[in-house]
Ligand code: RRO
């Protein structure tokens with residue numbers, strides 16, 4: 001049974017933020033969802049201080065072995081989340097991690113302070129890596145900015161703070177080290193890789209926003225390499241993700257240094273993918289590494 005920052009989890013497979021709508025799944029599957037929840041912890045879609053409508057469609061584009069999204073962070077805002085979503089997410093049978101994003105220290109502090117005081121929340125993920133929102137990437141692209149943000153947020157709560165790293169930098173391990181120095185309890189990686197698709201006939205971008213973020217099996221080897229670099233450079237736990245769709249994929253990430261793994265894009269194809277990956281890990285092939293994690 002994995003221990004993640006003092007939180008006991010049934011197995012090492014959680015969801016990637018924004019890739020599984022647990023409230024909609026409950027409507028579709030009913031209480032069966034609670035009996036067989038696919039993840040050992042649930043990470044919410046990223047929330048912002050104010051409500052956001054998200055980007056214009058088209059927001060999703062399939063690619064060979066992957067998907068480009070430009071969703072643009074639609075969410076109900078802090079008040080809507082606390083009043084409408086949190087009570088429903090608190091009924092899930094697993095610990096809740098809330099993902100947040102803001103564009104300045106003051107707004108980030110407001111989000112973290114109000115979410116941290118809710119006992120339903122086990123941990124907070126700081127999304128400093130969204131590729132689809134103007135200025136969403138600035139903090140996470142610069143180690144100094146990441147450390148400064150943690151300097152402001154760390155004193156606000158004793159709950160675990162997880163920094164979601166961007167893959168869109170030359171050395172993600174430098175940002176991970178900065179997060180650790182600032183007092184982060186864990187890092188998670190990777191968010192999506194900046195990507196585009198264009199209609200060759202017209203030259204018009206496939207996504208209304210013009211570009212987006214690539215996920216799915218196509219990014220897995222890149223994610224694995226970034227995880228190895230981050231795990232080698234830091235002591236804090238890492239949540240590894242990027243195209244994981246089987247127990248063998250998950251085992252690769254765990255062996256490379258992840259404490260937990262997250263399933264993202266695969267859940268769009270198969271909403272029970274989390275359970276399948278966890279079962280494959282347990283029953284088929286994975287033995288936790290005994291010696292070094294690197
Ligand atoms: O909502 C999005 O467009 C989005 C976010 Br917040 C993110 O962190 N990563 C991503 O690929 N899409």
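The values are calculated or read from the model by the stated rules, or taken from the named source; none is laboratory data. This structure is a prediction, so every number in the text was calculated from the model and none was measured. Cβ: placed from backbone, ideal geometry, glycine included. Neighbour counts: every protein chain shown.
Taken over the stretch 207-221, the criterion of being away from the ligand (no atom under 15 Å from the Cβ) and out of contact with any helix residue (DSSP H, G or I) (no Cβ under 9 Å at 6 or more places or on another chain) is satisfied by 221 alone. When you go through 40, 70 one by one, which is the residue that is touching a residue at least 60 places away in the same chain (Cβ under 8 Å), within 16 Å of the ligand (Cβ to nearest atom) and crowded, with 16+ Cβ neighbours inside 10 Å? The unique qualifying residue is 70. Could you tell me which numbered condition residue 95 fails, if it satisfies all but one of (1) touching a residue at least 40 places away in the same chain (Cβ under 8 Å); (2) within 16 Å of the ligand (Cβ to nearest atom); (3) in contact with a strand residue (DSSP E or B) (Cβ under 8 Å, 6 or more places away or on another chain)? The one condition residue 95 does not meet is (2). Could you tell me whether any residue of the stretch 147-154 is modelled with pLDDT of 95 or more and on the phi > 0 side of the Ramachandran plot? Within the stretch 147-154, not a single residue is modelled with pLDDT of 95 or more and on the phi > 0 side of the Ramachandran plot.
Only a single item in (1) closer than 20 Å to residue 71 by Cβ; (2) crowded, with 21+ Cβ neighbours inside 10 Å; (3) at pLDDT 95 or above; (4) under 19 Å from the mean Cα position of the chain (by Cα) is not met by residue 168, and it is number (2). State yes or no: is residue 112 modelled with pLDDT of 95 or more and over 16 Å from the mean Cα position of the chain (by Cα)? In short, yes. Which one of 206, 201 is loosely packed, with under 15 Cβ neighbours inside 10 Å, modelled with pLDDT of 95 or more and under 21 Å from residue 64 (Cβ atoms)? Among 206, 201, only 201 is loosely packed, with under 15 Cβ neighbours inside 10 Å, modelled with pLDDT of 95 or more and under 21 Å from residue 64 (Cβ atoms).
Scanning the stretch 132-146 for residues that are out of contact with any helix residue (DSSP H, G or I) (no Cβ under 8 Å at 6 or more places or on another chain) and on the phi < 0 side of the Ramachandran plot, we see that the one that is farthest from the ligand (Cβ to nearest atom) is 134. Checking each residue in the stretch 147-186 for being in contact (Cβ under 8 Å) with a residue 40 or more places away in the chain, within 14 Å of the ligand (Cβ to nearest atom) and touching a helix residue (DSSP H, G or I) at 6+ places or on another chain (Cβ under 7 Å) picks out 165, 167.
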